[in-house]
1. Would you mind counting up the charge near Gly396? Only other residues with Cβ under 11 Å from its Cβ, with Lys and Arg at +1 and Asp and Glu at -1.
2. Ranking request for peptides 465-471, 129-135, 446-452: highest mean number of other beta-carbon atoms within 10 Å first, then the rest in descending order.
3. Excluding residues on the same chain fewer than 8 positions from Lys134, give the lysines whose Cα lies under 29 Å from its Cα.
4. Could you sort the peptides 453-464, 250-261 by per-residue average Cβ neighbour count (10 Å cutoff), highest mean leading?
5. Starting with the fewest neighbours, write out Val35, Val349 ranked by other beta-carbon atoms found within 10 Å of each beta-carbon.
6. Can you give the local net charge around Tyr243? Use residues other than it whose beta-carbon is closer than 13 angstrom to its beta-carbon, Lys and Arg +1, Asp and Glu -1.
7. In cubic angstrom, how much convex hull volume per residue do the alpha carbon atoms of segment 226-291 span?
8. Is there a quick way to get the dipole size of segment 223-356? I mean about its Cα centre, with the Cβ of Lys and Arg at +1 and of Asp and Glu at -1; what is the value in debye to the nearest 20?
Amino acid sequence: MAADPILAALRAVATACQAAAWSFSDEQAAQGLAVADGLRALFLPPPAAASPAVQPQFVQWLQLLPQEILSDVLSQLDTRDLARLAATFRPLWRDAPAPPPRPMPRLRPMGLVETELRRRATARGLHIGACLPKGALSWMPYLLQRALRDALSQEAPLAVAANTSLFVDTEGRLLTCGAENIQDGHERPGLILGHDWGPDDEFLEPRVLGPPTLVPSMQGRRIVSVAVGDWHCLALSREGEVYSWGDGRDGSLGHADEGARAVPSRIESLGRIKSIAAGSIRTSAAVDEVGRLFTWGRAMSTIPSSEARPTGLGYAHALEPQLTPREVVALSGDRVVGVTLGVCFNLVVTDAGAVFSCGYSPHGALGHGSFEAEVLPRRIKALAQTRRRFVAATAGRHHALALTEEGELYAWGRQNANGHGPGQAHQATLHQLAALASKRVRHVAAGRHSSSAVTEKGVIFTWGEGTLGQLGNGKDKAEGTPRRVERLRGVTVVAAAIGGVHTLVADEDGGV
């Protein structure tokens, strides 16, 4: 038999294995690796010149794989692992020489790692020019640094609730600190720190964790992002598994009941998930790897009005709590890439750069130019009319922000929090934030009544409610327009989480 059909068959098998590999057990993965080693030995024995002391054995086989399969391998790595591999195994890339005085030719040879990094940047809506930016000496360090910054800002390694902070460290470990809330007239404890405190019979004093502390039940699992509402939390693993814990009323935990869970429990009904969100009034959302949106939790609420209104789950005629994740079929024709939850409303971003919203907000946070409720997701027409491609959106309690691929920031909703200046009324229609018009924003976060924006140069601006010092500007009052946090001058910020009473910021080295 000719060689080409054999190689085609092997590549087809490799593709099928790749599609199923995420569900392999450790034993099955070891068996698959043994088969791959056997095939490698059959066709291309390891080079005799390779020395384990110089080239680690665990990466020797990479250079023997067909490029199509190797590209698939690289595409499955998270950004940090890709950076580690690139730094360890240099034959994977071919860096460009010093930049010439004119743009690089389009057909400049590129290694597989550089190709993968450029693909990820394009998928995130980031533009990479043909010439290296000023100060950069070569492509690989520049692209890796940019990718790591983007990963930190997009994977949400931080989350804050009223009295609690959640962290994901560079090794993917989940840590929490703060105090458990007490609800229902001091009769029922909140459970958002993720620790098993034992019986609740003698819950007389607040349960407090001073320093960030590892969540015991999550050790051994690699977490990539976290989300927190007022009474429940979600965590997303590298494998796409979603874990939830806290107050389960209204089905906010997604386990087909309304029971509370002190420690994280996997939501078995969800497949491979890429993005998560937790709302303030016991609502939750997740986006899977093919772009389907799932929501669950409270369906109707009298907050913030006395009349029952939809909370933004996105289903028609949803009156009762949704106890398990349910697909939002109104968006089945769109590929969703991100979701964020406010109070009684949500915002959804698609891969086409469109932003949809649904739910209810008396402050105009839906962005449709009115204060009316929307049961089903509806595209925000005013954003579409800007002819911009939107790559991210974030929701506070009653205000919202949307970010374009060019780094422009639009805001609407509750006064002061919307950033349009002191004394401005609630904005049912959106406008670009003039104070940041000359900046390229790369990360945005909306808190209870305040917001933050991080530019591509790592500078952070804050605005909105600041009576408890959450704006970081040394004052205890509201700020109507974005203002730079001077105390962080000299720190390259990549991400922030801003809540109702405090703020967390991550720098480019993973420090908080």
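1. Numbers: positive: Arg397, Arg414, Arg448; negative: Glu465.
Net charge in that neighbourhood comes out at +2.
2. Values: 465-471: 19.0, 129-135: 10.1, 446-452: 26.6.
The packing order, highest mean first, is 446-452, 465-471, 129-135.
3. Lys134 reaches Lys439, Lys457.
4. Details: 453-464: 22.1, 250-261: 20.4.
Most protected by this proxy first, the peptides run 453-464, 250-261.
5. Numbers: Val35 11, Val349 26.
Ordered by Cβ neighbours within 10 Å, fewest first: Val35, Val349.
6. Details: positive: Arg221, Arg222, Arg238, Arg261, Arg266; negative: Glu239, Glu241, Glu268.
Summing Lys/Arg as +1 and Asp/Glu as -1 gives +2.
7. Working: hull volume 4.7 nm³, N = 66.
Output value, Cα hull per residue: 71 Å³.
8. Value, rounded to 20: 140 debye.
Throughout, read-outs are computed from the coordinates displayed, never taken from laboratory work. This is a predicted model, so every value here is computed, not measured. Glycine also receives a Cβ, built like all others from the backbone with ideal geometry; neighbour counts cover every protein chain displayed.
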